[in-house]
Amino acid sequence: MAEVHRPAQQFTLRLRRYDPESGQAPYWDQHTIELEPHRSVLEGILQARDRVDGSIGIRCSCRQAICGSCGVRINGAPALACNTHLEAAARTGSDEVIEVEPMGNMPVLKDLIVDMDAVHWKKIRRVTPWLLAKQPVPEREYLVPRESMVDVTQTMACIQCGACVSDCLSMEVDPDFIGPAALAKAYRFVGDPRDDQQLERLNDLAQDPHGIFDCTHCFNCVDACPKDVDPMGQIMRLRRIATSDHHIVDRNNGQRHEAAFTGLVRDYGLNHEAELLSRSYGGNSWFGKFHPAAGKELLSSLPVVAKGLLRGKLDPRTAVLGHKLPKADLRSVHRIYERIEEREQRYELNLFITGYDEDLEPASPRDRSGSPDQPVAQAAAGEAAAGGPASGEADAASEGAPDLPSASAAAGASGGAASGASAGPAAEESGGAAGGGAAGSSPAHGAGGGGEQGAPSEDSSER
Ligand code: FES
């Protein structure tokens, strides 16, 4: 088919400039560039740098959304500059001006380049981002259930661009929070059945005051991620395994808080704010409020409660008595709880697993899976493309599990996962993740993107 030629047109770029060494405050710098509308914002910035001002600082390498080097904020939202079309960016900018700023939550080195080492990579190292293999190491290879590899595929798609870190509200308040990217990476190994330290990893992340219970469910990381890794979802999965499977009771009160929240929604149909704090500290029952620890916490939060009342954010009656749902509605809530609790196994629906395989006959999930209520899943191609079929896992992934249509099983679960077993110290040295899924090996990696990778490679240019 003949290629449609689109004429070049002018776009206005406003770049946030800042050189900490200059002693000057940050400022906006505006340039007009001329490119076809389907070209990327990165190309626009590079044109401005090449033609007008060679001192513009931008980091990039692959230019195809694989290496994760070009993370910036475009019109206020985190994005990969190489993966954002000029016309799309102009549509969302005010007066069609495309504003480009450095990512948030990380110190600016120069203009659009942030210090990933100071924040992002430091946090990634914090979670021991390599496989601590079970011993003894098998003579040939580990045999891993295919569902397990599908399960971690979503986290493997991370290209370490830092977009989620940039927009994490919890990290803004608590810079020590381990953060969405590192915790998603932690799930990569917690979910891997070859790892020997699942309990130790979870205990560590649960007991850390800046660990898994520091996330406030703001969903910013979910929106920010250009690879649909759903970091918040991975954090919630870490929590569920820590609390429901390993019954870890953490010193941050996270487990008790979660239990109290769940109990209150069951009892009242909605959260009962006045009881939440006391139950979190004093035990998950009406009597919880009489526990000394609960009283102490209640006393310390009285100023906040008073402020809420004064500003009309709290209705005193509802605050004290809780919500009153119609009985039928409350029964429906109870039925949901019963339905879920009667299941022998918890369903973990990996959101990276999308819909149904279009190549297969349309049928109900039940028909295809052979197991009632079991969602039939299609795994998107992920990290693995990077490493290619590497081991038995690859075969396992492609053979098709009983619960997964064969054609859609984790197309790429093999590469990084398999190499993760041997990455170990090397990954640490590179400041990055275990697993050798080489970013940027081929644009054909498709939707999943570049996959698991180490720190931006040395050939990344910081210009
Ligand atoms: Fe944008 Fe590699 S240059 S992701």
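Of note:
- Test: residue in segment 171-193 that is more than 30 Å from C60 (Cα to Cα) and assigned to a helix (DSSP H, G or I): yes
Okay, residues lined up against (1) within 13 Å of F11 (Cβ to Cβ); (2) buried (at least 18 other Cβ atoms within 10 Å of the Cβ); (3) in the same structural domain as D228 (by TED's automatic domain parsing):
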{"site": "H31", "(1), (2), (3)": "yes, yes, no"}
{"site": "D50", "(1), (2), (3)": "no, no, no"}
{"site": "I74", "(1), (2), (3)": "yes, yes, no"}
{"site": "A77", "(1), (2), (3)": "no, no, no"}
{"site": "C82", "(1), (2), (3)": "no, yes, no"}
{"site": "L86", "(1), (2), (3)": "yes, yes, no"}
{"site": "G93", "(1), (2), (3)": "yes, yes, no"}
{"site": "L109", "(1), (2), (3)": "no, yes, no"}
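Yes or no, residue by residue, for (1) in the same structural domain as Y18 (by TED's automatic domain parsing); (2) under 14 Å from the mean Cα position of the chain (by Cα); (3) away from the ligand (no atom under 16 Å from the Cβ):
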{"site": "E96", "(1), (2), (3)": "yes, no, yes"}
{"site": "A133", "(1), (2), (3)": "no, no, yes"}
{"site": "L143", "(1), (2), (3)": "no, no, yes"}
{"site": "A163", "(1), (2), (3)": "no, yes, no"}
{"site": "I178", "(1), (2), (3)": "no, yes, yes"}
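- Counted residues, segment 129-158 - those being surrounded by fewer than 23 Cβ atoms within 10 Å (Cβ to Cβ) and of a type in the set (A, V, I, L, M): 5
- Test: residue in segment 132-153 that is within 20 Å of P78 (Cα to Cα) and not aliphatic (A, V, I, L, M): no
- Just one residue in the set A65, A90, A48 is farther than 14 Å from L112 by Cα, touching a strand residue (DSSP E or B) at 6+ places or on another chain (Cβ under 8 Å) and more than 16 Å from the ligand (Cβ to nearest atom); that residue is A90.
- Scanning segment 253-278 for residues that are of a type in the set (A, V, I, L, M, F, W, C) and assigned to a loop (DSSP other than H, G, I, E, B) yields one hit, L270.
- Every condition in (1) in contact (Cβ under 8 Å) with a residue 40 or more places away in the chain; (2) part of a helix (DSSP H, G or I); (3) crowded, with 19+ Cβ neighbours inside 10 Å holds for R240 except the one numbered (3).
- The set of residues in segment 69-87 that are in contact with a His (Cβ under 9 Å, 6 or more places away or on another chain) and either under 21 Å from V173 (Cα atoms) or within 16 Å of the ligand (Cβ to nearest atom) (or both) comprises H85, L86.
- Cross-chain or 6+ apart pairs with Cβ under 8 Å, segment 199-224 first and more than 29 Å from R73 (Cβ to Cβ) and in contact (Cβ under 8 Å) with a residue 12 or more places away in the chain, then basic (K, R) and outside any loop (DSSP other than H, G, I, E, B): A206/R239
The values are calculated or read from the model by the stated rules, or taken from the named source; none is laboratory data. Predicted model only: the values in this text are computed from it and were never measured. A quick note on method: Cβ atoms are made from the backbone with ideal geometry, for glycine too, and the neighbour counts reach across all protein chains shown.
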